[in-house]
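Structure first, then comments.
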Amino acid sequence: MSLMLEGKPLGPDEKTLLIAEVSANHDGDLDRALHLVDIAADAGWDCLKLQTYNADSLTMRSDHPSMDVQKSWGRPTLYDLYEWAHMPMEFHRPLFDKARERGLLPFTSIYDPRDLDFIEDLGCAVYKIASFEMTFDDLLRAVGTTGKPVILSTGMATMDEIEHALEVLDKAGSGPVVLLHCCSSYPAPFEQINLRAMASIGERFGRMVGFSDHTIGSRGPLAAAAIGAVAIEKHFTDDPTRDGPDHKFSATPDVMREIAQGVEEIHTLRGSPEKHTTENEVGSKAWGRRSAFALHDLPAGHVVAEEDFRFIRPSAGIPPTDKAALVGARLSTAVRQGHPIRYEDLDR
C-alpha cells in the first residue's frame, strides 16, 4: 500500500512525507509567498500546500451572532477573517511553478466545487480536503470524480463521519484516500492530540494514516512519524510574530529543519520489520554470548559431565541452548583447560 505523487513516495515503508502548509501566511503578498516556497525547500520538506478559497466560497456577509469569531483571530466575523486570510487566485500558478522548480510537490486544499476547474488547470496531482469540509458531500463528490488521490483531514470527526466521507469519495470514483489524524485547535495542546488514534483509524478503515499538526514545535510531528504516520502536515512561517491569523501557531524555519532532520533519522531508526542479527552485531554476538569451556584438561574418549565445563563468554564453543548435546557425549579429541568444547570435538 503506497502512492507515488509526482515522484514523491508516500507509504508505510517510506520516509514520512512532509507537507508544508502556507495557509494564510502569505499575507496577501506574492513575494512573501514565493519566499515561503524557498523556506520549505531549504528546510528539506517534500510538498507545498496552499488553500484555495475566498470569503464568498466559505461564508456570506451576515449580522447573525453565529458569524462572530474570537478576538484572537484578528477580525470580528467569519467573512472578515476569510477576506483577510484568503490567497488571491493569481498567486496559485507562480507558486505551483516555483514549488516544482525547487523540487516540491505543490497541491492545495479545495473548499468549493466551483474552484475545481481552476485547480485542475494547474495540474494538481492530489487534493486535500480540510477537516472542516469533510462533511461537505458535494465537495467530496466533485473531488472524487477527478479520480485523483485525496488527503482527508479528520479533525473534530467521529469514526462514523470518517466512514461517511470515505463512502462518498469511493462512490464518486476517488483515487486512494490518505487520512490525517488531526486536532482542530489552534494551537492544539498536547493533551488533546491523542496520537494513538492514528492506529485505530488505520485499523478501522484500512487506509494509510498521517498527522495534520497544529501543536507548537517539533515534538508532535516527530512522535507521529515515530509511530508510523505516512505524512505530516504543518503550517509554517518566516516570522511567528507578524500580524495574521496563522503565524502564531506556525513552525519557524528552524523548527521546519528540525522536523525534517528528525524524520530522516526516525526513518532510519524504524528500519525493517524483519528481526535478524545485524552486520554490526556479529562481533558483539561472538564475544558476548556464552558457550562451553573446559574447566580442566579433558582427554580424548572422555565422557563429558556437567562438572567438566562452564558456559562462559565468548561464543566459541557449544552454546548453552544445546547443553543436551554436550552432557554425556564422548570426546573425539582432547580439550585443554580454558578452551572451548566445540561440536567437532564430540564423537557424533
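The values are calculated or read from the model by the stated rules, or taken from the named source; none is laboratory data. Bear in mind that the values here come from a model prediction, so they are computed numbers and not experimental data. Cβ: placed from backbone, ideal geometry, glycine included. Neighbour counts: every protein chain shown. Ligands, DNA and RNA are stripped out before the accessible areas are found, and what is left, the full protein with its side chains, is counted by its heavy atoms. Shrake-Rupley method; radii C 1.70, N 1.55, O 1.52, S 1.80 Å.
Among all residues of the range 234-244, there is none that is closer than 25 Å to P12 by Cβ, assigned to a loop (DSSP other than H, G, I, E, B) and within 15 Å of the chain's Cα centre (by Cα). Number of residues in the range 261-311 that are closer than 15 Å to R330 by Cα, in contact with a strand residue (DSSP E or B) (Cβ under 6 Å, 6 or more places away or on another chain) and assigned to a loop (DSSP other than H, G, I, E, B): the value is 2.
For the range 99-118, filtered to residues that are acidic (D, E) and within 28 Å of the chain's Cα centre (by Cα), the residue that is nearest to R141 (Cα to Cα) is D112. Counted as qualifying within the range 100-169 are the strands (runs of 3 or more DSSP E) with 2 or more residues that are hydroxyl-bearing (S, T, Y), namely 105-110.
Quick one: would you say K248 is charged (D, E, K, R), assigned to a helix (DSSP H, G or I) and closer than 30 Å to I19 by Cα? Criteria met by K248.
List pairs: first in the range 156-170 and closer than 24 Å to L195 by Cβ, second of a type outside the set (S, T, Y) and open to solvent by 70 Å² or more (accessible area, probe 1.4 Å), Cβ under 7 Å, 6+ apart or cross-chain? That search, which allows pairs on different chains as well, returns M159/R204. Across the range 197-208, a minimum of one residue is classified as among the basic types (K, R), surrounded by 14 or more Cβ atoms within 10 Å (Cβ to Cβ) and assigned to a loop (DSSP other than H, G, I, E, B).
Residues in the range 24-81 that are hydrophobic (A, V, I, L, M, F, W, C) and touching a Ser or Thr at 6+ places or on another chain (Cβ under 8 Å): L36, L50, M67, V69, L78.
For the range 56-75, which positions are among the hydroxyl-bearing types (S, T, Y), modelled with pLDDT of 85 or more and either in contact with a strand residue (DSSP E or B) (Cβ under 8 Å, 6 or more places away or on another chain) or surrounded by fewer than 15 Cβ atoms within 10 Å (Cβ to Cβ) (or both)?
S62, S66
The residues in the range 138-171 that are over 21 Å from S2 (Cβ atoms), surrounded by fewer than 19 Cβ atoms within 10 Å (Cβ to Cβ) and touching a Cys at 6+ places or on another chain (Cβ under 9 Å) can be counted, and the count is 2. Just one residue in the set D345, D297, D322, D308 is acidic (D, E) and either open to solvent by 60 Å² or more (accessible area, probe 1.4 Å) or under 30 Å from T268 (Cβ atoms) (or both); that residue is D297.
Please enumerate the residues belonging to the range 170-193 that are more than 30 Å from H247 (Cβ to Cβ), part of a helix (DSSP H, G or I) and not charged (D, E, K, R). Listed by number, the list is empty, since nothing qualifies. Can you confirm whether the range 210-232 contains a residue that is without any contact (Cβ under 8 Å) to a residue 24 or more places away in the chain and in contact with a His (Cβ under 9 Å, 6 or more places away or on another chain)? For the range 210-232, residues without any contact (Cβ under 8 Å) to a residue 24 or more places away in the chain and in contact with a His (Cβ under 9 Å, 6 or more places away or on another chain): absent. The combined condition, being among the acidic types (D, E) and touching a strand residue (DSSP E or B) at 6+ places or on another chain (Cβ under 6 Å), is not fulfilled by E83. The C-beta contact set for the range 251-273 (first residue of a type in the set (D, E), second residue surrounded by fewer than 18 Cβ atoms within 10 Å (Cβ to Cβ) and in a helix (DSSP H, G or I), distance under 6 angstrom, 6+ apart or interchain) is empty. T135 satisfies every condition listed in (1) more than 16 Å from R207 (Cβ to Cβ); (2) open to solvent by less than 10 Å² (accessible area, probe 1.4 Å) except (2). All conditions but one from (1) under 28 Å from F205 (Cα atoms); (2) within 27 Å of the chain's Cα centre (by Cα); (3) open to solvent by less than 70 Å² (accessible area, probe 1.4 Å) apply to S2; the one that does not is (3).
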